[in-house]
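These notes are about the structure you will find just below.
Values quoted throughout were computed directly from the atomic coordinates according to the rules given, and no laboratory measurement underlies them. Fair warning: this is a prediction, and the values are worked out from it, not measured in the lab. When we count neighbours, we look across all protein chains shown, and the Cβ atoms used for this are built from the backbone with ideal geometry, even at glycine.
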Amino acid sequence: DAFATARRFLFSLPGTVLVFAFSWALVHHAVGGLRHLVWDSGVGMTRRNRALLAWGTLATSIILTAVIWALAYFVR
């Protein structure tokens, strides 16, 4: 009974949005870790490069999340 309730919520619109946002947060955190790895090597530390890497992190995480969801949708 509890599983059916959880399933009903997760497959509703608010549940799907919540799971999508959570998956984006995980991907964004992972890509941000790669950005910090680049910074730890001493690359990209100028003001312009930091801004580009920050925007690149945001764009990459959105694209990767969309790709993951698209693959999950088509494999399903």
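Summary table below
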quantity	calculated
Efficiency of FRET between residue 64 and residue 18 - r from beta-carbon atoms, R0 30 angstrom, step 0.05	0.95
Shape category assigned to the chain from the gyration tensor of Cα positions, a/c cut at 1.5	prolate
C-alpha long axis of helix 47-75 to longest principal axis of the chain, angle in °	30
Region 38-44 - phi-based ³J(HN,Hα) in whole Hz, Karplus 6.51/-1.76/1.60, Gly and Pro as x	5, 5, 5, 7, x, 9, x
Which of 46, 62, 2, positive extreme of dipole for the chain (C-beta unit charges)	46
Student exercise, the chain dipole from Lys, Arg, Asp, Glu Cβ charges, in Debye to nearest 20	200
Per-pair calculated FRET efficiency, R0 = 35 Å: residue 73 and residue 49 via Cβ, rounded to 0.05	0.50
